[in-house]
Amino acid sequence: MKDLAGRIAVITGGGTGMGRELARQLVAEGCNVAMCDVSAAAMAETKRLCETERLPQGLRITCHVADVSDEEDIQRFAAEVARDQDTDRIHLLFNNAGIGGGGSMIVHERGEWERTFNVCWYGVYYATRAFLPMLLKADKGHIVNTSSVNGFWASVGPSIPHTAYSAAKFAVKGFSEALQTDLRMNAPHIKCSVVMPGHIGTSIVSNSRKIQSGNASDDMNAVEIDQMRARVASMGVDTSKLSNEDIARLAHERARRFLEEAPTSAAEAATIILDGVKADRWRILVGKDAEIIDRRVREAPERAYDADFFQSFAQESGWKIGR
């Protein structure tokens, strides 16, 4: 699908990060966009940014509040897309929404763990189910599922548990790979790509904190302080000596570093993804760090979780310890 003009694209998690940049680049190519997010304000800003360019006459950009982990929300989202885009078909589905949290099965609460897993995995599954009938009616279709380097390497450091996000991203990767045969046999006009970004400069850290706690403010509440304290404790740190203000500072600094010190920007990532879709590539690595860790894990899978393996990879790729 090299020419995106006039097509209809659906993007989950379109309010910030890669979802926002995908929307902007798709619109710039003349593609109609329907996005969902839990934040209406974030989507409104994405739409405003899209509209700063001169849009082709009749191009539609629609925004829909929906929680991808809630199947009823996703089914309503699909119905709204059909209504507001005035269509019974779509051409592109970007299953992009994701959050972090619940790194430890032992230290973190079950609710936090399952929120992360449900958004990152069930969001992909529910949206694919909901929009598949509209993809089947199109002349061409493409499903683009965002996994992660954590979909083939379940680590962000030797002392940081990362189970919920990694488990979900492994599921997304396996699902996407299995779809290659399913679609070829039963819907050959639909393609599927799995996207595996490395460290991309997005607001996922701060967004995840707000979603996990239910607090939209930049000021951390007691629940967020407790969750961050549990995260720090899961890394073997004695948090009894840290005040709530210390914990809040650590959280804000982590979010800042993740956004500002990433080797690949969200805009660069969106370009790589769209180039991969146009080239009909089913496996899209995003960022030099993703390419490096993919190669290293393939070369030495038995060593992939050793501390010296991570140290060596971090040195080569520029990852910071304790990312």
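Looking at Ala23, Ala28, which one is within 21 Å of the chain's Cα centre (by Cα) and not assigned by TED's automatic domain parsing to the domain that holds Met235?
Ala23
Report yes if some residue within the stretch 210-225 is under 26 Å from Phe94 (Cβ atoms) and either at pLDDT 90 or above or of a type in the set (Val, Ile, Thr) (or both); otherwise report no.
There is at least one residue in the stretch 210-225 that is under 26 Å from Phe94 (Cβ atoms) and either at pLDDT 90 or above or of a type in the set (Val, Ile, Thr) (or both).
Under the condition of being surrounded by fewer than 19 Cβ atoms within 10 Å (Cβ to Cβ) and not basic (Lys, Arg), which residue from the stretch 126-139 is farthest from His162 (Cα to Cα)? Talk me through it step by step, then tell me what you get.
To start, the set of residues in the stretch 126-139 that are surrounded by fewer than 19 Cβ atoms within 10 Å (Cβ to Cβ) comprises 129, 132-133, 136-137, 139.
Subset that is not basic (Lys, Arg): 132-133, 136, 139.
Details: Leu132: 31, Pro133: 35, Leu136: 36, Asp139: 40 Å.
Per the stated criteria, the residue is Asp139.
Listed residues Met1, Met43; which is outside the structural domain of Asn118 (by TED's automatic domain parsing), within 21 Å of Val124 (Cβ to Cβ) and of a type outside the set (Asp, Glu)?
Numbers: Met43 fails: outside the structural domain of Asn118 (by TED's automatic domain parsing).
From the options Met1, Met43, the qualifying one is Met1.
Show me the helices (runs of 4 or more DSSP H) found entirely inside the stretch 65-142 where at least 2 residues are closer than 30 Å to Ala233 by Cα and hydrophobic (A, V, I, L, M, F, W, C).
In the stretch 65-142, the matching helices (runs of 4 or more DSSP H) lie at 110-117.
Okay, residues lined up against (1) outside the structural domain of Gly17 (by TED's automatic domain parsing); (2) within 28 Å of Met105 (Cβ to Cβ); (3) surrounded by 14 or more Cβ atoms within 10 Å (Cβ to Cβ):
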{"residue": "Asn215", "(1), (2), (3)": "yes, yes, yes"}
{"residue": "Asp219", "(1), (2), (3)": "yes, no, no"}
{"residue": "Ala222", "(1), (2), (3)": "yes, yes, no"}
{"residue": "Ile225", "(1), (2), (3)": "yes, yes, yes"}
{"residue": "Arg254", "(1), (2), (3)": "yes, yes, yes"}
{"residue": "Ala290", "(1), (2), (3)": "no, yes, yes"}
{"residue": "Arg296", "(1), (2), (3)": "no, yes, yes"}
{"residue": "Phe313", "(1), (2), (3)": "no, yes, yes"}
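Whether any residue in the stretch 41-53 is among the aliphatic types (A, V, I, L, M), more than 15 Å from the chain's Cα centre (by Cα) and more than 24 Å from Ser208 (Cβ to Cβ) is what I want to check.
no
Take the residues of the stretch 44-83 that are β-branched (Val, Ile, Thr) and within 19 Å of Asn118 (Cβ to Cβ): which is surrounded by the most Cβ atoms within 10 Å (Cβ to Cβ)?
Going through the qualifying residues, I end up with Val68.
Sort through His91, His108 and tell me the only one that's crowded, with 22+ Cβ neighbours inside 10 Å, modelled with pLDDT under 95, closer than 29 Å to Gly201 by Cα and out of contact with any Pro (no Cβ under 7 Å at 6 or more places or on another chain).
His108
For the stretch 275-290, which residues satisfy the criterion of being at negative phi and in a loop (DSSP other than H, G, I, E, B)?
Those that are at negative phi and in a loop (DSSP other than H, G, I, E, B): Ala279, Arg281, Trp282.
Can you spot a residue in the stretch 31-42 that is within 30 Å of Ala154 (Cα to Cα) and charged (D, E, K, R)?
Looking for residues that are within 30 Å of Ala154 (Cα to Cα) and charged (D, E, K, R), one finds at least one in the stretch 31-42, hence yes.
Would you mind stating whether Ile160 is in a loop (DSSP other than H, G, I, E, B) and either of a type in the set (A, V, I, L, M) or in the same structural domain as Ile74 (by TED's automatic domain parsing) (or both)? Show your work before the answer.
Values: in a loop (DSSP other than H, G, I, E, B): yes; either of a type in the set (A, V, I, L, M) or in the same structural domain as Ile74 (by TED's automatic domain parsing) (or both): yes.
Yes; evaluated as a whole, the condition is true for this residue.
Which condition number does Asn32 fail, the rest of (1) surrounded by fewer than 22 Cβ atoms within 10 Å (Cβ to Cβ); (2) farther than 17 Å from Ser203 by Cα being met?
(1) is the only condition that Asn32 fails.
Please verify whether Arg184 is assigned to a helix (DSSP H, G or I), closer than 17 Å to Glu109 by Cβ and basic (Lys, Arg), treating the condition exactly as stated.
No.
Give the stretch 180-194 a look and list any residue that's buried (at least 19 other Cβ atoms within 10 Å of the Cβ) and either under 19 Å from the mean Cα position of the chain (by Cα) or polar (S, T, N, Q) (or both), or say none.
Across the stretch 180-194, the qualifying residues are Cys192, Ser193, Val194.
From the residues in the stretch 171-209 that are over 30 Å from Ala138 (Cα atoms) and polar (S, T, N, Q), which one is modelled with the highest pLDDT?
Filtering first and then ranking leaves Thr202.
Return the residue satisfying two criteria in turn: it lies in the stretch 291-309 and is assigned to a helix (DSSP H, G or I) and over 18 Å from Phe170 (Cβ atoms), and of such residues it is nearest to the chain's Cα centre (by Cα).
Glu291
The values are calculated or read from the model by the stated rules, or taken from the named source; none is laboratory data. This is a predicted model, so every value here is computed, not measured. Please note: Cβ atoms are built from the backbone with ideal geometry, for glycine as well, and neighbour counts cover all protein chains shown.
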